[in-house]
Every structure is written in structure tokens, then in C-alpha cells.
Amino acid sequence: MFLHRIHPHIYLRVYVNLFFKFCSEHSKRTFKNVKKFQYSVMKLKYVAFLKDLSRRDLLLVGGKAANLGEMKKADLPVPDAFVVTTNAFKKFIKDTGCEEEIVRIIENIDVDNATNLQIASEKVRELIDKTTLPDELVEEIIKAYKHLSTEYGEDAIYVAVRSSATVEDAPNASFAGLHSTLLNVKGIDNLLRSIKICWASLFTPRAIFYRLQKGIKHEKSLMAVIVQKQVGILTERDYLNGKIKAGVGFTIHPTTGEKHKILIEASWGLGESIVSGIVSPDTYVIDKKSGDVIEKYLGSKEKITVAQEGGGIKEVETPKELRGQYCLNDYELKKLWELSLKLEEYYRFPQDFEWIIEDGKVYLLQSRPVTVFYEKKEEEVRIKKPPILKGLPASPGVSIGRVKIIKTLEEARWKMMYGDILVTKMTSPDFVPYMRMASGIITSEGGVTSHAAIVSRELGIPCIVGAKDALTLLKDGQLVTLDGRSGFVYDGEVRELMVREKALEVSPEEAAKLKTKTKVLMNLGIPLEVEKYKHLPFEGIGLMRIEFIIAEWVREHPNHLIEKNEEQRYVDKLAEGIAIVAKAVYPRFVVVRFSDFKTNEYRQLLGGERFEPEEANPMLGWRGASRYISDKFEKAFRLECRAVRKVREELGLDNVWVMIPFVRTVWEMEKCLKIMEEEGLKRGMGNFKIWLMAEVPSVVFLAEQFSKLCDGFSIGSNDLTQLILGIDRDSAILANMGYFDERNEAVKRAIKHLVENAHKNGITVSICGQAPSVYEDFLEFLIDIGIDSVSVNPDVVCKTKKHIHEIETRKYLRH
């Protein structure tokens, strides 16, 4: 009777203990297996074990830990670990009352005020440091740490404590280096302190600034913490004898995107010295198919990061004999080659991974998708002059600009101008605002995985790293050409390299093979140019401007023609230009934007001065829809409508749609539609569609109402940005100060709001500004919020399609 009252969990515990007793005289290996059995039945609320995790657990354990779980499932050599989950972090900040205080401190922070940002950050981190962990969390962490230690036959082992934020390693942001990693931690008190340091690293000034810049809400950014067996616990003498070596690897060449190459960087000691960019490592390029080393470069490896006895790490000078020899032997290179192949085969996508070797055994510490890569075609260019400097190619492209030697951040603040070539020892996250200003970047230290290299590739800026003599050979103000593909720097201009870059663009044939959910459309202004571009892989003309036809083919103000009774010539010329394009791309659609000249531009046409007022600010004056409904221009607008109708009905090109620019109010849109309907252009008439340019914030705010008046929106990001931020987009002063940026959080929120409300009403959204083809992070933002299409200039159609394909592939793999 008594036995029937025993809780089932007690049965289980009794069974496990009896099982241990039975196995007590078996081998150590059997003992470990039994301990693992006990571990498997240990169910904890706030701690997860690596073997149980996969990419589906991203929100629970963060990106880094989820990836380690995947690698463990794939039977890759990953040191065991447990993860303090994001639920633990949430419990900590909620149960202790920290959450309300954190929100109060940072909710109204001015990110442009560095002092206030620093003060707020220090307050939050001090709050987390001084707050005691809830007992329930402490108990679970102790249990997990004891289990991990027992698994390795010790009472307390050294561990690496690594942040694993839910937004870390995001493809559209370089969060590398923002969150904490603590190596060589031993003992429960040190472990608990290290976990809080990782949590607090969510609120460093750089991390707060980055989240605000990327539009990530603080409350959506959660932190898990990985507690992993530390590899490399040997004496300092062992380190100095070369028994520990570590580095990074890429399963494609990260600079050129060559898929048949693997790149490995290696240095003596722990890998922290490479990741932080404080050493110039050895570099190996391996043929992916054969495993043969086809290129290698000896790095200077000035310092070694070693594990200290008792905990923590330190940097020591590398012995002279180790500096002059390569780190890796043939066997180790073969093992890294084999692991590279396994990683890429498992993830089905190029990988960037960290590794460490202890006494000849290779361990993997993390892996993530290569987020930016390029294709290189062999295109030899003969340069008549020799290079003046050589470094490691880190981000492809060519830049011609003036050198600015930057030794401190303070110097960067007053010295850097847009278009300069930034030359410095190495960069850190604090350098990012000035890196954005640069047209090229050169560092004297670091490898292709240093901060400068990673961020340059993200920003699409040519970069060379590890150019040892950069700070002495280059002079302030010197005009140079930087070649990010070869690693060479030339004195003066080398235009041949710019020609080569043009030749390296993605071919239409390559781009046409790529399937994307987000449509790629093309902008066009000169009708006859369509013959040059009609073979490109676009799905329609997202913006056809008719201003060129008016300015070059007609050359007279439409009211001047009406006054002379020459209305039909105007209609015929417009119809001719539109028809040339519609016929060339048929059956792909052509969205014709009705005229959007401003008053100062109309005045330049023959007869224009008689019909156009002089406005102080034509950009915000009588333009777009306001002209069409004005009794001073309505007749001219009706002629534009007749030209479109002629193309569709008389010439049979029913692939022509229209777009109304610079709409401000619902009532003016309704008046425009009434005029159009009177001229035979009505929504729902066959396949005819009417789009509306979303350039004025009122269209965003009233998206629900405007959605009922059109078939699609097309975002004019230039005008929308200037009107949301109160910026004259033609102001050179504001542009140089960094104000004009479509990626501003306010602009992004507006775009997201428009897309969400349009889709609720079954209306499509496109964008026809230049930002998607310039900023890959902005393009990724648009894809994430579900934009239907992007319309870009002809020269970047193929490149944009490739970028969309890469982003959508990454997004698919993440889910």
C-alpha cells in the first residue's frame, strides 16, 4: 500500500541510483554514460542542455546557442555546454524589479548625445551587477554546472561563458564584439558573476546605439548565456610551445565569394586575439574539392592569448621562433578542411566558424551563415604603376580618395569627411559612424575576420587589413586608389581598376536563374534606352518617368501647346515614348508616372515662364497631384491621360499602368481619379491598374483610406525621407553631416506601417528609391516586412536580384 503512494519521480530517482550502484565497478566510460542518463532525466526550467537544442530554439537560447545545438546533433566536435535561457533573463529582470527601472533609464535616451548614452548604460549595468539572482535560478545553474563538471571527472571545471542574444549575429547587422564573452571561468561565484556580465552587455553604449540604429526594440532583445567547457586549459609554457592554436574559417572565400575555396585564419593560443583583431594571423586558402593548400600567408602573430591559472586570460608576447613559423601542420589543415565540408553540407549554406586545437584535436566553438559574399570572375588588369602598399584583401571593390590617418576616435570626429579613405591601426564598434563616411578602409593590423573586415563587407566598402606599413607610408591628404580584391594600394588614380569593377558585375544570365519571392522591377527615364536593358531579368518597369519625353521630344510647356491648338502633338509624342517601352518589354507591365516637374523645371520649357509662378521652395510647392486638379493645369493633365489611353487602346499595349505622384490628401486623389475616369482610365478596366506614389507622410498615416483608392503603392524613399526628417535632400551641409539616411528608424517605421496596412487591404507595395540598391541592410529590412517589389536603376538590376536571392535564402534557412 505504501509503495503505491510514492510519487513516480521518486521511483525514477531510486531506479537511477540503483543503476549507478550496479555500474560502480564498471569502466570510466560506462560511468560517464550512466551520468549522461541521469543528466537526460534532469529537467530544469531555466537551463537547457546543448544536445537538446536546434535552430527552432532561437528565441529560447539565442542564435549562437541554437547553432551549437545543431552542430551537436550533426555529431560535430563541439565541447559540451549548458545554456541559461532567455526565460532566466526575463525572470531575473521581472522578479527583481529591474525591468521597470531599465525602461525608465533608457526609454527617452538621446542616442546622439554620447555622454547621456554612457551615463544611462552605466546605470543599467550597475543595476544588473548589484541585483541578486533569484534563488530558483541560482539552484538550477549550480545543478547544471556540477553536472558539466562531473562529466569531465572534476568537481569544478573551467568554462567559457558566452553571450547568445536573440538578435546577435543577425545578417543585417554587425553585432560582433558588442556582447560579452568571458573565458577561463571557474567556480560557481565567478560563473554567476559572469552570467550577469553577459546580461549587462545588452546595455553597453554601443549595443544600445546599434539596436536603435537597426530599429530593434530593447524589450525584444533578450540574452541567453552559454556555459561551455573551456578548451585549452594548459600551462603558459604549453602555450608558448605552440600546443594551443585557434582561429576562424570560411567555407567560401569571404572577400571574393569564390565557392571552390575555403579560407582558414590561425594564430597561437586562444582565438580571442584573432576575433578581436589584435594580431595578424596566418592565412590559408584551400581548394574545396581536393583539400590542397593553394595559397598561404605568414602572419606576424605578435601576441598570444593564454588561459591564466586560477581563471581569466592574458596576452603575452609571442616567442620569436613561433612568429616565424606557420601555426598549422598538414594533418590539422586536413581536419579543418573536412570539418568545413561537413558544416556546409549540413547547413546547405556557406559558413563562418570558430575553432580551436588542443594537442592535435580540433573543436568547433561556433558557426553561422556567411552573410555577405561576392562572386569573383577572373579579369586581369595590367596596372602601369607598382603598388605602394600591400595588405590582405578584406572587402572587395575599388575606391579612389584622400587618405585620412586616424589614430584616435577624437581625431576621427573632426578629421573624417565623406568619401575619405580611413587609415587606422584597427577599428572597433565605436568606429562604425566614421566607417560609414569612408569610401575605403585600410588597417595596419587584423585579418579578414577582424572588426574592420566584417563591418566593411556589411557596409559594402572596399577594405584592406593587415597592411603593416600603412600608418608610415601613407600621408594625410594623399590621393590613392584602394583595390579591395587584390589588397594593393596605388598612389594617385588608377582608372583601369574602376573599369574592371564594372566588368565584375553579375551577368543577366546568372541573375535570370535566381528565383525570388520579392520582385525586381526597373526604373527608366529615356525611352530609347529600353533596347539596351530589355534583356535584363526584371519583372516589369516599376517607374517610367515621362519628364524626358516632355523636356527633349516636346520641349514646350503643355499649356503653350494648348494655346496654339497643338494638343494632339503633345498626346502623340507622349504616346510614342510610352509605346516604345511598352512594346519592348511586353507582356511585362510598365508603370507610367504622370508628369512630376516642379515649377522651376516647367519654367525652363518654351513658353513656361508665362504659365509658371516663381516659388521659394518648388520641392514642396505646386507639383504632382495638386497640379492635375488645378484649373491652371487640368487640361494638360487630361492630355497625359489621353496619351496613356491611346497606347492601351489604339496601339493595343495593354501592359501600361499609371502612377500618381506627390499625393497629399484623400480628396485630391479622389478628384484625380474622377478626371481620369472621364478620360477613359478607370480602375478595374480590364488589367489596368493605378498606383499611388507614397512620398508624403500623410499617405502613410492615412494608408487605410488611400488603399481604397489605388491598386498599389510605390514608395518614393527620397521624398519620404526628406519630409519625415525635415531635410532638404539637396542640402550638401546636411548630407555631409549624415542627416539624409533612408535607414533612419522613423522612415523605416513609416514604411512598415504602410506595408502592413496596404496588405490588410490587398494592395501591393513597391519602392523606387535608390536605397535598396545601395544599402543591403535596408533591402533586408524591406524583405523582412514583406515588400512586394523593389524598382531599381538598370545598372543594378542583376546585383539587386542576387542580393534579394541571398537574403531570402538566409531567411528561409533561419526558419
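The values are calculated or read from the model by the stated rules, or taken from the named source; none is laboratory data. None of the values given here were measured: they were computed from a predicted structure. Using ideal geometry, Cβ is built from the backbone for each residue, glycine included, and neighbour counts are taken over all protein chains shown. Ligands, DNA and RNA are stripped out before the accessible areas are found, and what is left, the full protein with its side chains, is counted by its heavy atoms. Shrake-Rupley method; radii C 1.70, N 1.55, O 1.52, S 1.80 Å.
3J(HN,Hα) along the stretch 397-414: x, 10, 9, 10, x, 8, 6, 10, 6, 10, 9, 9, 4, 4, 5, 4, 4, 9 Hz, from the Karplus curve 6.51 cos²θ - 1.76 cosθ + 1.60 with θ = phi - 60°, whole Hz, x for Gly and Pro. Per q in 0.07, 0.09, 0.10, 0.11 Å⁻¹, report the Debye log10 I(q)/I(0) for the chain, using one uniform scatterer on each alpha carbon and no solvent. Calculated log10 I(q)/I(0) at the listed q: -0.63, -0.96, -1.12, -1.28.
Calculated accessible area for the chain comes out at 44 Å² per residue, all protein chains present (probe 1.4 Å; ligands, DNA, RNA ignored). All distinct Cα pairs of the stretch 394-522 go into the 1/r average, and the inverse of that average, the Kirkwood radius, is 15.3 Å. Give K598/K752; K45/K361; K45/K130; K296/K320 a once-over and call out the pairs whose C-alpha atoms are over 31 Å from each other. As for pairs spanning more than 31 Å Cα to Cα, those are K45/K361. Over all other residues within a Cβ to Cβ distance under 9 Å of L53, the charged ones net out to +2, with Lys and Arg as +1 and Asp and Glu as -1. Note on K708: accessible area is roughly 120 Å² with a 1.4 Å probe, heavy atoms of protein only.
Ordered from largest to smallest accessible area (heavy atoms of protein chains, 1.4 Å probe), the residues K261, K671 come out as K671, K261. Extension gain, D155-K632: 0.36 nm per intervening residue step, less the Cα-Cα distance, totals 162.9 nm. Counting only protein heavy atoms and using a 1.4 Å probe, the accessible area of D728 comes to about 80 Å². R495 exposes around 130 Å² of accessible area when a 1.4 Å probe is run over every protein chain in place. Backbone phi angles across the stretch 230-246, fed through the Karplus curve with coefficients 6.51, -1.76 and 1.60 (θ = phi - 60°), yield HN-Hα couplings of 6, 8, x, 8, 10, 6, 4, 4, 4, 4, 6, 9, x, 7, 10, 9, 8 Hz in residue order; Gly and Pro are listed as x.
Ordering H260, N329, M498 by Cα displacement along the dipole of the chain toward the positive end leaves N329 in first place; charges were set at the Cβ atoms of Lys, Arg (+1) and Asp, Glu (-1).
Here K314 is the anchor, and the lysines within straight C-alpha reach of less than 16 Å, apart from those fewer than 8 places off in the same chain, are K186, K245, K301, K303. Listed by chain and number, the aspartates and glutamates whose alpha-carbon sits under 19 Å from that of K335, ignoring those within fewer than 8 places in the same chain, are D75, E265, D282, D287, D292, E295, E344, E345, D352, E354, E358, D359.
Distance between the pseudo-spin-label points of D129 and T408 (7 Å out from Cα toward the beta carbon): 2.5 nm.
Whenever you get a sec, line up W355, W553, W657, W414 from highest to lowest accessible area (probe 1.4 Å, protein heavy atoms).
W414, W553, W657, W355
For R348, R645, write out the residues from largest to smallest accessible area, computed with a 1.4 angstrom probe and no ligands counted.
Putting R348, R645 in descending order of accessible area: R348, R645.
Among the protein heavy atoms of the chain, carbon and sulfur supply 51% of the accessible surface, probe 1.4 Å, non-protein parts ignored. Excluding residues fewer than 8 places away in the same chain, name every one of the lysines whose C-alpha is closer than 28 Å to that of K415. By straight Cα distance, K415 reaches K214, K390, K404, K407, K425, K468, K475.
From its DSSP helices (H runs of at least four residues, each -39,500 (n - 2.57)), the chain gives a residue-normalised ellipticity at 222 nm of -11500 deg cm²/dmol. Quick one: of K146/K196; K259/K534; K261/K384; K342/K801, which pairs are farther than 22 Å apart, Cα to Cα? Result: K259/K534; K261/K384; K342/K801 exceed 22 Å. Relative to the longest principal axis of the Cα atoms of the chain, the long axis of helix 135-151 makes an angle of roughly 60 degrees.
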